[in-house]
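Remarks on the structure that follows.
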Amino acid sequence: MSENFDYDLIVIGAGSGGVRLARMSAQRGARVAIIESRYLGGTCVNVGCVPKKLFVYGSHVHEDIEDAAGYGWKIPKEDVSFDWPTLVANKNAEIERLNGIYQRLLENAGVIIIEGTASCRDAHTVVVGDQAYTAENITIATGGWPVTPDLPGKECILSSNEMFYLPQLPRQAVVWGGGYIAVEFAGILAGLGVETTLIYRGDLFLRGFDDDVRQFTATELRKKGIDLKFGVTIESVQLEGPHYQVELSDGTSITTGLVMAATGRRALIDGLGLEELGVQLNASGHIVVDDHFQTAVPSISALGDVIGTPQLTPVALAQGMVLSRRLFGDGKGEMDYRCIPTAVFCQPNIGTVGLTESEACQSHGKLRIYRSEFKPMKHTMSGRDERSLMKLIVEDETDKVLGAHMVGPDAGEILQGIAVAMKAGATKADFDSTIGIHPTSAEEFVTMREPVAS
């Protein structure tokens, strides 16, 4: 730490990773400032994970109401109604509460919060408005921003950001994309009664997930009434009266009330002046860092979505902890990107950790594949045609579990515990010797005995 600067650390971006880095560094005695131009908490808290999952909860209520009949509850359909503005207002109130929590966490740790848009004048100076601040260390944690391809009518297309503040729901909607954001919003809209079409240029969505998971999820989403159109893309969008005319690459068209694109995200580094200072970007536009988050400029580091590592809040949080320790702790700490669990909050949910079957085939020897598909106990009486999938990928020679995948209710909750076991090196024998919790779907992971392939 040096008295030659205003601060020991300036963090640009108050998202999950930036806030964690700032707090931990201040608690280690560093003089820290954090700069934010929009909202505390970043994408996750404001236009990402948190409001998204609240919308998922809200959109699933109608199925719970329908399922109630099988359990003796009589709820007249004419008495059931949904008010979109109420959901949005309650979501906004919760986000404002979380913004306040982030502010108090920073202030209580002694972090100075600076509101405004930052740019880097040199390797140790950050400018906000007409004020310059100096720091021995600068960290870029500005996250990502939605990208919509250039095409006629691009101005008619919404991103995920705007979806959280729609004044009203349309009768029909088109969701463009094949990643988890597109799949989740398609489920939200369909669950709220919107006629929903998902369009993806590839032959199957959720690229990078296990193929069994992808195929099973497609089947389940179609049961929910979502129209999945694979192998096509949007060529143009035109406003015609109160509706949009969407022209597709296969020559067909769709008339809809809303078009949302979830076609990727880019590093949000506009106006920072990084390249002029010598900070390097890779081909995808993300900041290049070494294993310790340092850029080509020794005093400037970066973390989170802006560096192109897995775009997950817990990853950014872990990176913030590691970088704080390296800058102001004992100088040690490494990130381990193996066995990162994740979830997709489509309906039913996806939970996954470890390798897909395809990845395991490429990197390991002989495998044993365990797979189970069944109707969840709840739906034996609700009558709903929804099924769950569970899958384990095991290395035959070592018996080590390389991957675990699930599609079904609460998949994310279930896979978190599986991730702990896999991180500890659990074998299939460990799973087999674990007594299940009965009756639950989760116990299926410890009762699958016969491989379906090897």
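Read-outs: derived from the displayed coordinates by stated rules, not from any lab. If you're wondering where the values come from, they're calculated on a predicted model, not measured in any experiment. Please note: Cβ atoms are built from the backbone with ideal geometry, for glycine as well, and neighbour counts cover all protein chains shown.
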Highest first, please rank the peptides 266-275, 71-80 by the mean number of other Cβ atoms sitting within 10 Å of their residues. 266-275, 71-80
Amide H contacts under 5 Å for T233, restricted to residues at least 5 apart in sequence or on another chain and with H modeled in the peptide plane, are S249, D250
Which lysines, on any chain, are close to K229 with Cα under 25 Å apart, when same-chain ones fewer than 8 places away are left out? K52, K53, K154
For segment 351-363, just list the computed ³J(HN,Hα) in residue order, Karplus coefficients 6.51, -1.76 and 1.60, θ = phi - 60°, integers in Hz, with x standing in for Gly and Pro. x, 8, 8, x, 7, 6, 4, 5, 5, 5, 5, 7, 10
From zero up to wherever the largest Cα-Cα distance of segment 54-178 sits, split into 5 Å bins and tell me the percent of pairs in each. 2, 6, 10, 12, 13, 13, 13, 11, 8, 5, 3, 2, 2, 1
By how many nm would the segment from M381 to I65 lengthen if fully extended, with 0.36 nm per residue of separation less the alpha-carbon distance? 112.4 nm
All lysines inside 22 Å of K74 as judged from Cα atoms, apart from same-chain residues fewer than 8 positions distant: K378
If each part is reduced to its alpha-carbon centroid, segment 389-454 and segment 109-154 end up apart, in Å, by 43 Å
Distance from the Cα centre of segment 5-73 to that of segment 160-186, in angstrom? 19 Å
Assertion target for S16, S159, ordered by fewest C-beta neighbours within 10 angstrom first, is S159, S16
Residues C44, C346, sorted so that the one with the fewest Cβ neighbours within 10 Å comes first: C44, C346
Got a sec to turn the phi values of segment 371-378 into Karplus ³J(HN,Hα) couplings, 6.51 cos²θ - 1.76 cosθ + 1.60 with θ = phi - 60°, whole Hz, x for Gly and Pro? 9, 9, 10, 7, 8, x, 3, 4
Sequence gap at least 6, Cα distance under 8 Å: using those rules, report the relative contact order of segment 154-263 to the nearest whole percent. 36 percent
So what J values fall out for segment 87-104 if you push phi through Karplus, 6.51 cos²θ - 1.76 cosθ + 1.60 with θ = phi - 60°, rounded to Hz, Gly and Pro as x? 4, 5, 5, 5, 4, 4, 5, 5, 5, 4, 4, 5, 4, x, 5, 4, 4, 5
For the chain, take N as its residue count and report Rg(C-alpha) divided by 2.2 N^0.38 Å. 1.06
